[in-house]
1. Going by what's in this entry, would Arg263 be described as within 19 Å of Pro329 (Cβ to Cβ), touching a helix residue (DSSP H, G or I) at 6+ places or on another chain (Cβ under 8 Å), modelled with pLDDT of 80 or more and among the charged types (D, E, K, R)?
2. Look at Arg375 and say whether it is closer than 30 Å to Asp151 by Cβ, touching a residue at least 40 places away in the same chain (Cβ under 8 Å) and of a type in the set (Lys, Arg).
3. Of all residues in segment 50-85, count the ones that are polar (S, T, N, Q), within 27 Å of the chain's Cα centre (by Cα) and either assigned by TED's automatic domain parsing to the domain that holds Val161 or in a helix (DSSP H, G or I) (or both).
4. State all residues of segment 77-102 that are farther than 15 Å from Leu41 by Cα and exposed (fewer than 14 other Cβ atoms within 10 Å of the Cβ); if no residue qualifies, say none.
5. Run Glu354 past the list (1) crowded, with 17+ Cβ neighbours inside 10 Å; (2) over 14 Å from the mean Cα position of the chain (by Cα); (3) at pLDDT below 80; (4) not polar (S, T, N, Q) and report the number of the one that doesn't hold.
6. Give the residues of segment 266-322 that are more than 24 Å from the chain's Cα centre (by Cα), farther than 25 Å from Glu333 by Cβ and crowded, with 21+ Cβ neighbours inside 10 Å, sorted by residue number.
7. What residue, among those in segment 140-162 that are outside any helix (DSSP H, G or I) and of a type outside the set (Asp, Glu), is farthest from the chain's Cα centre (by Cα)?
8. Any idea which of (1) surrounded by fewer than 16 Cβ atoms within 10 Å (Cβ to Cβ); (2) at pLDDT 80 or above; (3) of a type outside the set (Ser, Thr, Tyr); (4) not in a loop (DSSP other than H, G, I, E, B) is the one Leu14 doesn't satisfy?
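The values are calculated or read from the model by the stated rules, or taken from the named source; none is laboratory data. Everything numeric here is computed off the predicted structure, so don't read it as measured data. Cβ coordinates were reconstructed from backbone atoms using ideal geometry, including for glycine residues, and neighbour counts include every protein chain displayed.
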Amino acid sequence: MTGEEALPVVDDLLWAEVQKLLPDQVLRSAGRPPTADRLVLNGILWVLTADVAWNSLPVRLGYGSGSACWQRLRAWRAAGVWPQILDVILARWRAGGRNELAAVLERNWRNREALNNLVATSRNMRFGGSIQLVIGFTGGLSESVARMLSDPIGDLLRTRVDVVAMSERSAGGVQGLSDPGTLPLVLGGAWSSRTAGALAGSPVNVAGNPLGPTLAIPLAIVVPARSAYAGWHALREASRQPGRPLVCSTPPVGTKAHNWFERLQDAARWYPQLNVCPGGGAQTQALLTGASDAAVMSMVTAGPLLKQGLVKAIAFSTTSRLPAFPDVPSIAEFGYPGLEEQTWLGLFHPDNLEARVIERIARETATAFHAPAARDFMAEVGATLRIARLA
């Protein structure tokens, strides 16, 4: 049931009964006033009857944001009034001949509660009906993947999915996890081993396997689109010629792309002048302004540039050619054994999560990787899916 024509509008008679049950709102001293309870209730009922994720609530309807509706529902549940509100709504709808709508609302709410109860039982804590995808920091690969997956996972699990960032330097280990009632899932690679115990009351299982498949994303050697360097051999020979040095940029020391550049230097005896940039944005600027002749970067950065025709790829850090870029050689084709490298990301779960919940989320995560937006993202960055088995 979607579309504005099917909205379960709260009429005056229903609102008169519901209003008596609501706790008083706490007025804020600053900022925008909260959306009126009656409007929010319409938003809650729209989401529950349409059976969609909270962030799918259209703002144009005037019911507030999906986030605001979700927060108000949680507040009413915490105050113990939501079951009474739901009973009043169902009774009023059935009395008014809206039996089908009442059945849809009751069924969808029961299904959501079933998932919540599974998680609450397995974690010995209340699950507030949402999931948080925890990433290491904003602006990087994990954020791109998390935002790509958040909507499909939320739609499949019929729940709200937020992306929050972890600061490894923070005392608690995690910033943004203000509500311990949500289910945290950590999206990351090697750094995930440093998250054990960081999620208060819910250590992350890093010894087991990630939920669903892992995403493998290659690195790329790229040059500006108008560069005279036609391939790897020309680029390597240019670094050995006297005169103006060949300049190649990398991300910061310690990143996978920088480490791979150093390995490539040793294996190929390739010694360009190094330009270490703070991130992909700075690498892009250096390439497009002529400050760098080449770059070693993640395909998360290089993929969009290739799509726009701003750069051309010299080689990828793979064993074979990528289906999305069949004309670009892999580094293995140049005779450098052991130089294959990819960045991988997996989704890790709390170690005391019940098996049935793990299986459900793993199944829906695998499905989410096949959503149109995910497929487009994977094609753009040359990513592949793998079933990881970690030691």
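1. Details: within 19 Å of Pro329 (Cβ to Cβ): yes; touching a helix residue (DSSP H, G or I) at 6+ places or on another chain (Cβ under 8 Å): no; modelled with pLDDT of 80 or more: yes; among the charged types (D, E, K, R): yes.
Against the criterion (within 19 Å of Pro329 (Cβ to Cβ), touching a helix residue (DSSP H, G or I) at 6+ places or on another chain (Cβ under 8 Å), modelled with pLDDT of 80 or more and among the charged types (D, E, K, R)), Arg263 does not qualify.
2. On the way: closer than 30 Å to Asp151 by Cβ: yes; touching a residue at least 40 places away in the same chain (Cβ under 8 Å): no; of a type in the set (Lys, Arg): yes.
The answer is no for Arg375.
3. Of the residues in segment 50-85, the ones polar (S, T, N, Q) are 55-56, 65, 67, 71, 84.
With within 27 Å of the chain's Cα centre (by Cα) added as a condition, the list becomes 55-56, 65, 67, 71.
Still in the list and also either assigned by TED's automatic domain parsing to the domain that holds Val161 or in a helix (DSSP H, G or I) (or both): 55-56, 67, 71.
Looking only at that region, the number is 4.
4. Ala78, Ala79, Gly80, Ala91, Ala95, Gly96, Gly97, Asn99, Glu100
5. (1)
6. Within segment 266-322, just Cys277 meets the criteria.
7. Quick first cut of segment 140-162, residues outside any helix (DSSP H, G or I) only: 140, 158-162.
Next cut, of a type outside the set (Asp, Glu) only: 140, 158-161.
Working: Gly140: 11, Arg158: 16, Thr159: 14, Arg160: 12, Val161: 9 Å.
Among them, the one singled out is Arg158.
8. The failed condition is (1).
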